[in-house]
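Visitor: Mind having a look at this structure? Questions to follow.
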Amino acid sequence: MVSLRHILIALGDPLVELQVAPNGLEVDVRDVVIMDPDDPPDVAAGDLALLIGARGRAALPLIRAAGRAKAAAVAVKESSQALEQAAIDAGVALLEVRPEVRWGHLESLAKSVLTTSTDDGEVLGDLFALAQTIATLTGGIVSIEDTASRVLAYSRSSDEVDELRRLSILGRQGPEPYLKMLREWGVYNLLRSSEEVVRIDERPELGIRRRIAVGIHAGTQPLGTIWVQEGDQPLNDQAERALLGAARVTAPHLIQQRNQPTSRFRENLLAALLTGRMDAATVAGQIGADPSKPAAVVVFALRGGEGDRSEHELRRAEMTGLISVHAAAYRRSALVSESGGRTYVLLPDLAPNAQLLNLTREVVHTARRHLHTSVQAAVGSTVSTLDDAQISRQEAERVLDAMARDLDAEVATLADVRSQVLVSEILALLQDNPRIRDPRIDALDPELAKSLLAYLDALGDVRAAAERLHVHPNTLRYRLRRIDLDLDDPLVRLVAQLQLRMR
C-alpha cells in the first residue's frame, strides 16, 4: 500500500495527469481495479479505479460509485469540468490518462508501483524507486524491462527522452528499423547471455539517442534488461560500473515478482548474522560467499534529520539504494540492510589487503551530492573470516557513535581515529554519570572553564594558552588563581581536562 503521491511520482506525466484531489495526495492506494460501465461496480476503499470504456457523461455514475466506496482515485481517458466537479463532490481524486496509453499497460505499471506488504508489515522493494536510484548514479534516463521487453519501471525524466523511450513507456513497440538493427548486432543475445555492459550508439535519423544496457540475471537465467538513455548531458564516468551493480541489485526484485518469496530475505540474512542469530556458514551458503575468506562491515548514517520526518525517511531510503548499487558492483555477494536509522553493508570474499576507504568515500560523496545532506560512514576492520563480522560491525558502530557526538569526520576507521573515539566514549560516560564528575569543575563559569582548558591543552604553558585566548598572560594567571583546584596535581589536571571537553 502506497500513497497516491507515490503513484503519481512513479508514473509521471508520460501516462497520467492529476486533475483534482479533494482529499489530498497522501491517501493510501491499496489496489488497481477495472470499472466497466456494462458491469456492476466492483470497487473497494483505497482502490485506484480505471474507468475503461466510459467517456464523457457515461463516466459520471462510475465516479459517484467509486466515491461511495471510498476509492482513492479514478482514472479516465478524457477529463472535463463536469467530471472534475463530480470527483470533488464524491471525494475521490481524478486522473486523466493520456489518449495513446493502453489501459492494460497502465494497469500493469500501476500495480508494479504498489509494493507488496508481508504479514509483519515489511515493505518489499519498489522497482520505480530503484530505477530512480540508477538514474541518479548514471546520470541517464532509466527503463527496467522484462525478457519480453515489457517496461516494468522507469525513472522520472523531462522532455529529453527519445522516441524509443516514449513508445516503450506508452506500451508500444519501438521503431522497427532500430529494433532490427539491435537484433542483427546481437545486442539482445549479449544482454541475455552475459553481465557485460553493452554500448549502443545514437541514431539521429531514427530519433534515437546513445544508450548503455545490461542484462539482469539469476545465475544463467535472464530476467530482464536495464536500459540507460543519455539525456542532454553525457552519462557520468561511473555509469557502466554503477549499471553492473544495479543489475545485481535488481535481480532479487524481479525474482520476487515472479515467485513472491519471503520478503527482505537478504536484509534479514545480514541482520541475523550481525546479531548472532545465524552462523556465518549458513549465511555464506545463501549468498554464494566463502565463509573462510576475509570480510568487513561498513555502516552509513544520514545526518540532518531535524526537518520533516517523512522527507528524512525518503532520503534514507534513497541513500540505501545508492549504497546497494555500489556494494553490488564491488562484490556480488554484498548484503545491505537498514537498522536503527543506519545502513549496514557486509562485504565478504575480500582480499587480505582490501582497501575499502576509497569505495566508502565514493559512496558518501555520491550520496551527499544527490541527497543534498550530510552522510557519514565508518569502516570496520577487515576480519579474517565471516565468523568475525560482528567484530567489524562493533568497530564501525563505535566510530559512527563518536561521529554523532563530537568526532568531526566524514569517513573513518577505528585505526585512524582510535584516540578520538576513546575520548568521545569517556566523555559520553561522564555526561551520563554526574556522580563521577568533579562538581567544582561543573560550577566554573564559561570564561574560567575556557581559560582552564586552554591552559591544560597548552601543557601548562601560560604564554601559549594566553595567545590562543587572545588575552595577556597576566590576565590568564589571574583567572587561574581564581579556580579552586590544585593544578599541580596531575590527576586533577586529567579529570579537569576530560570534564571540560565534555562541556
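The values are calculated or read from the model by the stated rules, or taken from the named source; none is laboratory data. Since we're looking at a predicted model, the values are computed, not measured. Cβ placement follows ideal geometry from the backbone for every residue including glycine, while neighbour counts extend to all protein chains displayed.
Visitor: Would you please name the residue that is nearest to the chain's Cα centre (by Cα), looking only at residues in the range 209-231 that are among the small types (Gly, Ala, Ser) and outside any strand (DSSP E or B)?
Guide: The residue in question is 231.
Visitor: In the range 476-499, which residues are surrounded by 12 or more Cβ atoms within 10 Å (Cβ to Cβ) and either in a helix (DSSP H, G or I) or of a type in the set (S, T, N, Q) (or both)?
Guide: Of everything in the range 476-499, those that are surrounded by 12 or more Cβ atoms within 10 Å (Cβ to Cβ) and either in a helix (DSSP H, G or I) or of a type in the set (S, T, N, Q) (or both) turn out to be 476, 477, 478, 479, 480, 492, 493, 495, 496, 497, 498, 499.
Visitor: Among the residues of the range 407-414, are any in the same structural domain as residue 275 (by TED's automatic domain parsing), of a type in the set (D, E, K, R) and closer than 25 Å to residue 304 by Cβ?
Guide: For the range 407-414, residues in the same structural domain as residue 275 (by TED's automatic domain parsing), of a type in the set (D, E, K, R) and closer than 25 Å to residue 304 by Cβ: present.
Visitor: Being of a type in the set (A, V, I, L, M, F, W, C), at negative phi and surrounded by 15 or more Cβ atoms within 10 Å (Cβ to Cβ) narrows it down to one of 444, 422, so name that one.
Guide: Checking each option against the conditions leaves just 444.
Visitor: Can you tell me which residue among 383, 345, 379, 364 is within 23 Å of residue 140 (Cβ to Cβ) and either assigned by TED's automatic domain parsing to the domain that holds residue 280 or crowded, with 17+ Cβ neighbours inside 10 Å (or both)?
Guide: Criteria check complete, one pass: 364.
Visitor: In the range 388-435, how many are in contact (Cβ under 8 Å) with a residue 12 or more places away in the chain and closer than 23 Å to residue 359 by Cβ?
Guide: Of the residues in the range 388-435, 27 are in contact (Cβ under 8 Å) with a residue 12 or more places away in the chain and closer than 23 Å to residue 359 by Cβ.
Visitor: Okay, next question. Provide a single number: the residues in the range 138-162 that are at pLDDT 75 or above and either surrounded by fewer than 18 Cβ atoms within 10 Å (Cβ to Cβ) or part of a loop (DSSP other than H, G, I, E, B) (or both).
Guide: Selection size over the range 138-162: 10.
Visitor: With respect to residue 428, determine if the residue is closer than 26 Å to residue 487 by Cβ, of a type in the set (A, V, I, L, M), exposed (fewer than 14 other Cβ atoms within 10 Å of the Cβ) and not assigned by TED's automatic domain parsing to the domain that holds residue 300.
Guide: No; evaluated as a whole, the condition is false for this residue.
Visitor: Shifting gears a bit: Can you find a residue in the range 367-386 that is assigned to a helix (DSSP H, G or I), β-branched (Val, Ile, Thr), modelled with pLDDT under 95 and over 30 Å from residue 478 (Cβ atoms)?
Guide: Scanning the range 367-386 turns up no residue that is assigned to a helix (DSSP H, G or I), β-branched (Val, Ile, Thr), modelled with pLDDT under 95 and over 30 Å from residue 478 (Cβ atoms).
Visitor: Going through the range 329-342 one residue at a time, which ones are of a type in the set (Lys, Arg) and surrounded by fewer than 21 Cβ atoms within 10 Å (Cβ to Cβ)?
Guide: Scanning the range 329-342 gives 332, 342.
Visitor: State whether the residues of the range 452-467 include one that is farther than 30 Å from residue 300 by Cα, touching a residue at least 40 places away in the same chain (Cβ under 8 Å) and surrounded by fewer than 18 Cβ atoms within 10 Å (Cβ to Cβ).
Guide: yes
Visitor: Further question: Which residue is modelled with the lowest pLDDT, if the candidates are limited to the range 205-245 and must be among the β-branched types (Val, Ile, Thr) and more than 14 Å from residue 138 (Cβ to Cβ)?
Guide: 220
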